[in-house]
């Protein structure tokens, strides 16, 4: 990410927040359903709809499309959701969901899409009171999981230093489904030990993790947590515990 792409994210957010939702809707619909340059997926869906999607001109009309079927994100090429107006061959990455409800869903992000997401993430950090230029510990899934890109988002757009502890949520969920709870406890302890090892150094201001990995405060190293302020819990729903 270059200095040019990082330039003035606050100004970008201000423009985006000022966007008229109806105008945004028209832009998105036109882009995805343009006959020559639209997205292959939505152009393929258009004949199956009982309305002309190009008649959707207001944000409150988007419900006409109904819920997006998650199985499509498991079976279709995720690149087919990217409009053909984005030059081919596509450069970017397919990211996975956690796979809690079955085979992971996949979504394709170009570099511009990742930057767009990162700027919104930075805005959420600011709104939640996380100061720039601090040191973070990110104890979340990485690898194919988009949440792992938070290390890059924090370090490059929020001027932070980031330590990281990796985890494999799919393995834990498999153990849970198999009733191998003692192994779940062992793996959780293994991760918590890594977290406390970093906290013991006394350099971390913010911890970003999942509910299952929030270290019990009575087990935190007493010489390393004086600076810990907010904890950013990624997802507190039952599906998000790991």
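Can residue 198 be described as crowded, with 16+ Cβ neighbours inside 10 Å, touching a residue at least 24 places away in the same chain (Cβ under 8 Å) and not in a loop (DSSP other than H, G, I, E, B)?
yes
Which ones in the stretch 97-140 are exposed (fewer than 13 other Cβ atoms within 10 Å of the Cβ) and farther than 26 Å from residue 87 by Cβ?
101, 102, 124, 127, 128, 129, 132, 133
Can you pull out the residues in the stretch 78-108 that are farther than 22 Å from residue 170 by Cα and touching a residue at least 12 places away in the same chain (Cβ under 8 Å)?
79, 80, 81, 82, 83, 84, 85, 86, 90, 91, 92
Give the stretch 165-180 a look and list any residue that's modelled with pLDDT of 90 or more and either within 22 Å of residue 198 (Cβ to Cβ) or outside the structural domain of residue 212 (by TED's automatic domain parsing) (or both), or say none.
If the condition is that a residue be modelled with pLDDT of 90 or more and either within 22 Å of residue 198 (Cβ to Cβ) or outside the structural domain of residue 212 (by TED's automatic domain parsing) (or both), then 165 is the only one that fits.
Return only the number of the condition from (1) in a helix (DSSP H, G or I); (2) outside the structural domain of residue 213 (by TED's automatic domain parsing) that residue 154 does not satisfy.
In the conditions (1) in a helix (DSSP H, G or I); (2) outside the structural domain of residue 213 (by TED's automatic domain parsing), residue 154 misses (2) alone.
Determine whether the stretch 27-42 contains at least one residue that is assigned to a helix (DSSP H, G or I), exposed (fewer than 15 other Cβ atoms within 10 Å of the Cβ) and in contact (Cβ under 8 Å) with a residue 12 or more places away in the chain.
No - not one qualifying residue is present in the stretch 27-42.
Restricting to the stretch 44-70, and then to whatever is surrounded by 11 or more Cβ atoms within 10 Å (Cβ to Cβ) and under 30 Å from residue 98 (Cβ atoms), can you tell me which residue is modelled with the lowest pLDDT?
70
Tally the residues that are assigned to a loop (DSSP other than H, G, I, E, B) and over 20 Å from residue 35 (Cβ atoms), restricting the search to the stretch 54-75.
Number of matching residues: 5.
The values are calculated or read from the model by the stated rules, or taken from the named source; none is laboratory data. Predicted model, so just to flag it, every value in this text is computed and none were measured. Backbone-built Cβ (ideal geometry, glycine too); neighbour counts: all protein chains shown.
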